[in-house]
1. Within the range 163-209, work out how many residues are touching a helix residue (DSSP H, G or I) at 6+ places or on another chain (Cβ under 9 Å), part of a loop (DSSP other than H, G, I, E, B) and acidic (Asp, Glu).
2. Do you know which residues across the range 362-373 are in a strand (DSSP E or B) and closer than 17 Å to Gly271 by Cα?
3. Of the conditions (1) surrounded by fewer than 17 Cβ atoms within 10 Å (Cβ to Cβ); (2) under 23 Å from the mean Cα position of the chain (by Cα); (3) more than 19 Å from Val276 (Cβ to Cβ), Glu370 satisfies every one except a single condition; which number is it?
4. Filter the range 263-286 down to residues that are of a type in the set (S, T, N, Q) and surrounded by fewer than 24 Cβ atoms within 10 Å (Cβ to Cβ) and give me whichever is farthest from the chain's Cα centre (by Cα).
5. Tell me which residues, restricted to the range 374-420, are closer than 19 Å to Gly343 by Cβ, of a type in the set (S, T, N, Q) and part of a strand (DSSP E or B).
6. Determine which single condition Ile260 fails, assuming it passes every other condition in (1) modelled with pLDDT of 95 or more; (2) of a type in the set (A, V, I, L, M, F, W, C); (3) surrounded by fewer than 24 Cβ atoms within 10 Å (Cβ to Cβ).
7. Out of all the residues in the range 315-346, which are surrounded by fewer than 24 Cβ atoms within 10 Å (Cβ to Cβ) and assigned to a strand (DSSP E or B)?
8. Of all residues in the range 303-322 being more than 17 Å from Arg349 (Cα to Cα) and of a type in the set (Ser, Thr, Tyr), which is farthest from the chain's Cα centre (by Cα)?
Amino acid sequence: MKHRQRTRAVHRSRPSAATRRVAGAVAAAALLGGLAGCGSSSQPPQHGGPKYTGTGHEKQKDGGAAAQGSGETGKHGRALPQGHRGKRAARGFSLVATGDLLVHDSIIRQARSDAGGSDYDFRRMIAGAKPMARGADLAICHMETVYGPDGGPFTGYPLFKTPPQLARSVKDTGYDSCSTASNHTLDAGSEGVSRTLKAMDAAGLEHVGSARSAAERKRPAMLRAGGAKVAQLAYTYGTNGIPVPEGKPWLVNLIDPKQIIADARAARRAGADVVVASVHWGTEWQEDPDSLQRSVAEKLTASRSGGRRDLDLIIGTHAHVPQAYEKVNGTWVVYGMGDQIAGKMNDPRGSMGTAARFRFAPPAKRGHGEWTVEKAGFTPFMMANEPRFTLVNLASKESRRAGDSQQDTAYASIRKVVLSRGAAKDGLRMVP
């Protein structure tokens, strides 16, 4: 997809005037319409709502160790000129989203080696995604694991504590926002959530799906992309049996279709032109979306307010294998993008993933009607593990190794499953 106008992320750590206006609008919407989850009774219980069959077995094979002018900025911090905001209101935008950042022990060791043995650096490993992420107006990742304290100790499966340097590496690669709701969100308790979000704030990386307070829970990640204000929401099916601490239901968002729809409507009242839901769901190692994924997708995409859809895009994570893309009730659903970062696992499909790529067009008349997806695409990736862990863009002739049987197998496998539910007939295309 061609490069378009850069994105401005709203940073919670040092709010600008524009940020305060967005936050105020969300708060007002919550008071007027009830942003679900305001009290302990309205947050879905750990085992309430839909039940999912994911097991949390992400075990790896080795088991181891302030702008001027308009007040808005471009994606990489350049000030936009006076009057630019009004002009770009009619422009579309490009969005890219990628799968799980699953930091196993072997990935931690690789990041240590890449930093020369005295720090942790993940940038080389995921450099294959940099042209795509930096070229999109909005780039979204999934931060599956929580961070350990500065200096460690850092651990992989089963209770992850990831080096906080990952946040800066992801931001430098070009990502703007990451979902943080996963089955590992509570691996290190509330401290892990706080450490993770603090590091992401410091890196200038927006986040949604976990929170440090009830007030933070009420705010979606609100981002500016092209001429649109985009709200990102995020939810998980559960937390591997770790109970949400008493009195802190806001620590992690659990999947409940009514909750998601209420949040989407509140975001829309707060000014969102496009609402994107990141959902951590499904059955691990199963390429076909399970019955509950399909059921929840059906409910969310069928929901309308005033004749307008409540959610404009659903992007899924968790299964560790790429899953199908499909239009449901006219809305694109990516059931699962697979892993972006992962150690070597028993099933080689754990190294496979996709980038979901969508081009949104504005309504014909400014302020009236829906933004729509005019182009839908996907890019197949894999995490090669020899001689070093390296993210490979399988659609790029420059990145893919000709005659590499492992890469050839991954390429064919990913294409087959992504298109398995008829997405090609709805216009989905592979793009490098």
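1. Qualifying residue count for the region: 1.
2. Our first condition is that a residue be in a strand (DSSP E or B); within the range 362-373, this holds for 365, 368, 372-373.
Those that are in a strand (DSSP E or B) and closer than 17 Å to Gly271 by Cα: Lys365, His368, Thr372.
3. Tallying (1) surrounded by fewer than 17 Cβ atoms within 10 Å (Cβ to Cβ); (2) under 23 Å from the mean Cα position of the chain (by Cα); (3) more than 19 Å from Val276 (Cβ to Cβ), Glu370 fails exactly one: (3).
4. Gln286
5. Thr390
6. (3)
7. Glu326, Lys327, Val328, Thr331, Trp332
8. Initial filter on the range 303-322 (more than 17 Å from Arg349 (Cα to Cα)): 303-315.
Next, from what is left, pick out any that are of a type in the set (Ser, Thr, Tyr): 303, 305.
On the way: Ser303: 22, Ser305: 25 Å.
This residue is Ser305.
The values are calculated or read from the model by the stated rules, or taken from the named source; none is laboratory data. Source: prediction; values computed, not measured. For neighbour counting, all protein chains shown are included, and Cβ atoms are generated from backbone atoms with ideal geometry for every residue, glycine included.
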